[in-house]
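So the structure is just underneath, and the comments pick up after that.
The values are calculated or read from the model by the stated rules, or taken from the named source; none is laboratory data. Quick caveat, the model's predicted, so the values are computed rather than measured. Cβ placement follows ideal geometry from the backbone for every residue including glycine, while neighbour counts extend to all protein chains displayed.
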Amino acid sequence: MNHRSTLLLLSAILVGHLLLALGYSALNPLGEAPDEADHWAYIVYLAKERALPVGPKVTQSKHPPLYHATAALVASFAEPANNFLRSNPDVDFVPHPAWSPNFFIHGPEETWPGTGGIRAFYLARLWSVVLSTMTVGAGYALARLAFPAGCPAGRRRC
């Protein structure tokens, strides 16, 4: 594979990832991705308090703070808050007549771009999309270092 076709393939992979991640971010209701509401609470805490939480105040504070701190910085361009996340009393893991698969109640106010905390949430999601796309590119770069061009598959050195 020549350099041009390699760059085209990498570009297609990066653009494909970017579009899929943006689509998932836009279509998935706020707070419904796994642990998303807890991670959002950590981001809001960092944005408002400008300090790391002490003790069990924030469940996701057990994680290293770099991602959450940078997401808090990005979310601060709006007004980070989690007052729009309202628990859904009909959530259950077993379908029944009043069943809802969502942990939170969602309304039209959550439509992009939203305002206040909703806009901040979307900004944090956008930051996650940027970071994940960079991670895909870094994975490619690491693979190129581990398996230089021209080496047969499985050989470390040519």
Subset of the range 61-83 [of a type outside the set (A, V, I, L, M), modelled with pLDDT of 85 or more and assigned to a helix (DSSP H, G or I)]: K62, Y67, H68, T70
Failed item, numbered, when I43 is tested on (1) part of a loop (DSSP other than H, G, I, E, B); (2) surrounded by 12 or more Cβ atoms within 10 Å (Cβ to Cβ); (3) within 16 Å of the chain's Cα centre (by Cα): (1)
Subset of the range 46-69 that is buried (at least 16 other Cβ atoms within 10 Å of the Cβ) and among the polar types (S, T, N, Q) - its residue that is nearest to F104 (Cα to Cα): Q60
The range 134-145 residues that are assigned to a helix (DSSP H, G or I), paired with ones that are of a type in the set (A, V, I, L, M) (beta carbon under 8 Å, 6 or more apart): V136/I13; V136/L14; G137/L10; G137/L14; Y140/L10; Y140/I13
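Considering only the range 7-39, how many residues are in contact (Cβ under 8 Å) with a residue 40 or more places away in the chain and over 20 Å from P108 (Cβ atoms)? Steps first, please.
Keep residues of the range 7-39 that are in contact (Cβ under 8 Å) with a residue 40 or more places away in the chain, which gives 10, 13-14, 17-18, 21-22, 25-26, 29-32, 37.
In the following step, the residues that additionally are over 20 Å from P108 (Cβ atoms) were identified as 10, 13-14, 17-18, 21-22.
Residues flagged as in contact (Cβ under 8 Å) with a residue 40 or more places away in the chain and over 20 Å from P108 (Cβ atoms) within the range 7-39 amount to 7.
Go through the residues of the range 136-144 one by one and say whether even a single one is out of contact with any Lys or Arg (no Cβ under 9 Å at 6 or more places or on another chain), farther than 27 Å from L22 by Cβ and at pLDDT 80 or above.
no
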Matching residues in the range 22-40 - criterion: being surrounded by fewer than 21 Cβ atoms within 10 Å (Cβ to Cβ) and outside any helix (DSSP H, G or I): N28, P29, E32, A33, P34, D35
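Residue by residue through the range 70-87, note down the ones that are crowded, with 19+ Cβ neighbours inside 10 Å and aliphatic (A, V, I, L, M).
Residues of the range 70-87 crowded, with 19+ Cβ neighbours inside 10 Å: 71-72, 74-75, 78, 80, 84-85.
Within the range 70-87, A71, A72, V74, A75, A78, L85 qualify.
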Residues (without any contact (Cβ under 8 Å) to a residue 40 or more places away in the chain and either part of a helix (DSSP H, G or I) or surrounded by 11 or more Cβ atoms within 10 Å (Cβ to Cβ) (or both)) located in the range 88-106: N88, D90, V91, D92, W99, S100, P101, I105
